[in-house]
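Please read the structure below before turning to the comments.
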Amino acid sequence: MTEKPNLGGLPATRKKYTPTFKAERVRQVAAGTRQSDVARAQDISPALLGRWQRQALEAAVPSSAERDEIKQLRAALKRLEMERDILKKS
């Protein structure tokens, strides 16, 4: 088994970032700070930050099953509000 040579003094292991760290960097970009400025200040790749942004967006968008459930819940809410209004009038 051969090991890869450590080229250019780069670390042999990957850096691991906490979900809180990632969320904070994505929040900074969403607040209006340029992506390249945030990446440079934190010594991370702008592409990595872009990937975190896409992942955050995917997590924020509801799936089709969730959208169906939301639609059903809204219909139930509307029906219950109508029933409540009818009971208020009587």
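The values are calculated or read from the model by the stated rules, or taken from the named source; none is laboratory data. Not measured: the values here are computed from a predicted model. Cβ placement follows ideal geometry from the backbone for every residue including glycine, while neighbour counts extend to all protein chains displayed. Surface accessibility is based on the protein's heavy atoms, side chains included, excluding ligands, DNA and RNA. Shrake-Rupley method; radii C 1.70, N 1.55, O 1.52, S 1.80 Å.
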Seminar exercise, completed: Probe 1.4 Å, heavy atoms of protein chains only: per residue, the accessible area of the chain in Å² is 90
Seminar exercise, completed: In the chain the accessible area split gives carbon plus sulfur, as whole percent at 1.4 Å, a share of 57
Exercise. If you place +1 on the Cβ of every Lys and Arg, -1 on the Cβ of every Asp and Glu, and leave all else neutral, what size is the dipole of the chain about its Cα centre, to the nearest 20 Debye?
Worked result: 120
Problem set entry | Length-normalised contact order for the chain - Cα pairs under 8 Å, 6+ apart - percent | 18
Seminar exercise, completed: Of all C-alpha pairs within the chain, those more than 17 angstrom apart amount in percent to 68
Exercise. Of the trypsin sites (Lys or Arg not before Pro) in segment 10-90, which ones lie in a loop per DSSP and count no more than 16 other C-beta atoms within 10 Å?
Worked result: R14, K15, K16, R34
